[in-house]
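The values are calculated or read from the model by the stated rules, or taken from the named source; none is laboratory data. Owing to the predicted nature of the structure, the values given are computational and were not obtained by experimental measurement. A quick note on method: Cβ atoms are made from the backbone with ideal geometry, for glycine too, and the neighbour counts reach across all protein chains shown. Each accessible area value is taken on the protein alone, full model and side chains, heavy atoms only, with ligands, DNA and RNA left out. Shrake-Rupley method; radii C 1.70, N 1.55, O 1.52, S 1.80 Å.
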Amino acid sequence: MSRARRARPDDAEELVRLRTVMLDSIADRRPPAAAPDTSWQPAAVDALRSRLADPDGSLTAFVVERPGGLAACAVGTIEYRLGSPGNPAGTTGYVFSVATDPDRRRLGHSRACMEGLLGWFRERGVSRVDLRASEEGEPLYASLGFVRTPDPAMRLAFRDL
């Protein structure tokens, strides 16, 4: 059985490496493009180091170790909005960057990370958790109780920033 632990600031580089593994797996389904853009990685490492250093912060990660680094992770954040009838506290958990190294898949690592992250959300009083599932990840999330929602997602990207 895999054992997950809460990530520390010194895990930031490995968390970004695993995020790259996840993003590359998504990119594998898209038409080939130019060399991958890695310009975002140093800023992501710095942000993770800072945010993981705050034990009471709104972002955390759970990880499974392997010799020399990490094998898997699940990163999540708590978003704060105005309350509503279905969510009086206005808190929503959001899960992202669930990734496992290809040679360590199917060993329960992502499940262990997700269970740790979901426990953290529960401890914080979060009653609703959202995520976007890949086709490969959907069975895991469904087994943890996630269901598809009818809500369509939309996005605006400011290109001039």
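Determine whether the stretch 46-55 contains at least one residue that is open to solvent by 30 Å² or more (accessible area, probe 1.4 Å) and either touching a His at 6+ places or on another chain (Cβ under 9 Å) or within 20 Å of Leu140 (Cβ to Cβ) (or both).
Initial filter on the stretch 46-55 (open to solvent by 30 Å² or more (accessible area, probe 1.4 Å)): 46-47, 49-51, 53-55.
From what is left, the residues that are either touching a His at 6+ places or on another chain (Cβ under 9 Å) or within 20 Å of Leu140 (Cβ to Cβ) (or both) are none.
No, that holds for no residue.
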Matching option when the condition is acidic (Asp, Glu) and more than 14 Å from Met22 (Cα to Cα), among Glu123, Glu136: Glu123
Residue count for the stretch 69-105, restricted to those that are of a type in the set (Gly, Ala, Ser), over 12 Å from the mean Cα position of the chain (by Cα) and at pLDDT 95 or above: 2
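If you take the residues in the stretch 7-22 that are under 9 Å from Gln41 (Cβ atoms) and touching a Phe, Trp or Tyr at 6+ places or on another chain (Cβ under 9 Å), which one is surrounded by the most Cβ atoms within 10 Å (Cβ to Cβ)?
Filtering the stretch 7-22 down to residues under 9 Å from Gln41 (Cβ atoms) leaves 13, 16-17, 19-20.
The next check asks that each one be touching a Phe, Trp or Tyr at 6+ places or on another chain (Cβ under 9 Å); those that pass are 16, 19.
On the way: Val16: 22, Arg19: 20.
Out of the qualifying residues, it is Val16.
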Residues satisfying the stated conditions in the stretch 117-143, i.e. loosely packed, with under 15 Cβ neighbours inside 10 Å, over 12 Å from Thr92 (Cβ atoms) and not hydroxyl-bearing (Ser, Thr, Tyr): Gly119, Arg122, Glu123, Arg132, Glu135, Glu136, Glu138, Pro139, Ala142
Arg128 vs. criteria modelled with pLDDT under 95 and of a type in the set (D, E, K, R): yes
The stretch 21-43, residues that are within 19 Å of Glu136 (Cα to Cα), modelled with pLDDT of 80 or more and not aliphatic (A, V, I, L, M): Asp24, Ser25
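Name the single residue that is least open to solvent (accessible area, probe 1.4 Å) among those in the stretch 106-116 being over 15 Å from the mean Cα position of the chain (by Cα) and touching a residue at least 12 places away in the same chain (Cβ under 8 Å). Spell out how you get there, then give the answer.
Here is the first cut: in the stretch 106-116, the ones over 15 Å from the mean Cα position of the chain (by Cα) are 106-108.
Filter again for touching a residue at least 12 places away in the same chain (Cβ under 8 Å), leaving 107-108.
On the way: Leu107: 89, Gly108: 37 Å².
Ranking the candidates gives Gly108 first.
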All strands (runs of 3 or more DSSP E) inside the stretch 55-161 with 2 or more residues being more than 23 Å from Asp10 (Cβ to Cβ) and out of contact with any strand residue (DSSP E or B) (no Cβ under 8 Å at 6 or more places or on another chain): none
